[in-house]
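Participant: Let me begin by handing over the structure; questions about it come next.
Throughout, read-outs are computed from the coordinates displayed, never taken from laboratory work. Computed from a prediction, not measured in an experiment: that's the story for all the values here. Cβ placement follows ideal geometry from the backbone for every residue including glycine, while neighbour counts extend to all protein chains displayed.
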Amino acid sequence: AQTVTQSQPEMSVQEAETVTLSCTYDTSESDYYLFWYKQPPSRQMILVIRQEAYKQQNATENRFSVNFQKAAKSFSLKISDSQLGDAAMYFCAYRSLVQGGKLIFGQGTELSVKP
Amino acid sequence: GAVVSQHPSWVICKSGTSVKIECRSLDFQATTMFWYRQFPKQSLMLMATSNEGSKATYEQGVEKDKFLINHASLTLSTLTVTSAHPEDSSFYICSARDFAGTLSYEQYFGPGTRLTVT
């Protein structure tokens, strides 16, 4: 079974600085999707970025980028120029292309942004 | 983007009663819907997956007779917590996918429902 691990329960960053959130996963599959979701205090889940495993190029969405290391099964999220609105819980998630494609979430990392 | 709504957003019920939570896809047809449970400061735990017109598939450890899921149409799924007890108090989130196959990567989340059982 696939697992997703986020080893940083809490992280803190100064406004305008850069922070990297870590995520590792375990799978025997060769093709899958990886996601980072943001859950602000409103608790609405928001998709931040996604990565298809077959793509070698790291995904980028404005200030958000990932470092996808397939061999190492690592999928970190880098937030550049951090803003106060970035403060939230961040969840890394894995989705298989088989078995109904359920999202498997990591434990989450709570990010605080200091002004 | 696609929108998923949940109703109610917050419900308080007495122990022993049942409560129904609705999840609707507003601008797309949701062939597959997912129900999650989340405790404070914790991750989302998948409870069940439902496909329109079929019985829901429950995750291991989730009581199917306690958490009744109905996905009767392509835009509506309901979760009924039967004979609720205080330990059922939690945040329930539904999510919907607009394509049953594996090619669709997008899964849309509702805003969640806070259930408090007194």
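Participant: Let me check against my output: what whole-number percent is the relative contact order of chain A, with C-alpha pairs under 8 Å and at least 6 apart?
Facilitator: About 37 percent, as a whole number.
Participant: Roughly what would the spin-label model give for residue B:59 and residue A:80, points 7 Å off Cα along C-beta, in nm?
Facilitator: It works out to 3.5 nm between the two label points.
Participant: Here's a follow-up. Could I have the simple spin-label model distance between residue A:20 and residue A:62, label points 7 Å from Cα toward Cβ, reported in nm to one decimal?
Facilitator: Computed distance between label sites residue A:20 and residue A:62 equals 2.3 nm.
Participant: Output the direction-averaged projected area (hull surface divided by four) of the convex hull of the alpha-carbon atoms of chain B, in nm².
Facilitator: Quarter of the Cα hull surface area: 7.1 nm².
Participant: Along its principal axes, what span do the Cα atoms of chain A show, with the longest given first and each in whole Å?
Facilitator: Rounded to whole Å, the extents work out to 43, 27, 21 Å.
Participant: Just how large is the dipole of chain A about the Cα centre, in debye to the nearest 20, putting +1 at every Lys and Arg Cβ and -1 at every Asp and Glu Cβ?
Facilitator: Charge dipole of chain A: 220 debye, to the nearest 20.
Participant: Give me the distance in nm between label points sitting 7 Å out from Cα along the Cα-to-Cβ direction at residue B:72 and residue A:72, one decimal.
Facilitator: So the label points at residue B:72 and residue A:72 sit 5.2 nm apart.
Participant: Another one. Using the Cα centre of chain B as the reference point, and only Cβ charges (+1 on K/R, -1 on D/E), how large is the resulting charge dipole? Debye, rounded to the nearest 20.
Facilitator: Charge dipole of chain B: 240 debye, to the nearest 20.
Participant: Roughly how big is segment B:45-91's charge dipole about its Cα centre, with Cβ charges of +1 (Lys, Arg) and -1 (Asp, Glu), in debye to the nearest 20?
Facilitator: Dipole size: approximately 140 debye.
Participant: A follow-up question, please. Toward the positive end of the charge dipole of chain A, about the Cα centre and with charges on Cβ (Lys, Arg +1; Asp, Glu -1), which of A:41, A:12, A:97 goes farthest?
Facilitator: Value computed over the given set: A:97.
Participant: How compact and how long is the protein assembly as shown, expressed as Rg and Dmax of its alpha-carbon atoms in Å?
Facilitator: That works out to 17.9, 53 Å for Rg and Dmax.
Participant: When the Karplus curve 6.51 cos²θ - 1.76 cosθ + 1.60 is applied with θ = phi - 60°, which whole-Hz ³J(HN,Hα) does each residue of segment B:56-61 get, with x for Gly and Pro?
Facilitator: Coupling constants for segment B:56-61: 6, 9, 8, 6, 4, x Hz.
Participant: Would you work out the relative contact order for chain B, in percent, from Cα pairs under 8 angstrom that are 6 or more residues apart?
Facilitator: Here the relative contact order equals 37 percent.
Participant: Determine ³J(HN,Hα), in whole Hz, for all residues of segment B:76-90 in sequence, where each value follows from phi through the Karplus function 6.51 cos²θ - 1.76 cosθ + 1.60 and θ = phi - 60°; x replaces Gly and Pro.
Facilitator: 9, 9, 10, 10, 10, 8, 8, 6, 5, 10, x, 5, 7, 4, 5
Participant: Using DSSP to call loops (not H, G, I, E or B), can you name the trypsin sites (Lys or Arg not before Pro) in segment A:1-81 whose Cβ has at most 14 other Cβ atoms within 10 angstrom?
Facilitator: Here the sparse-neighbourhood loop sites are A:55, A:63.
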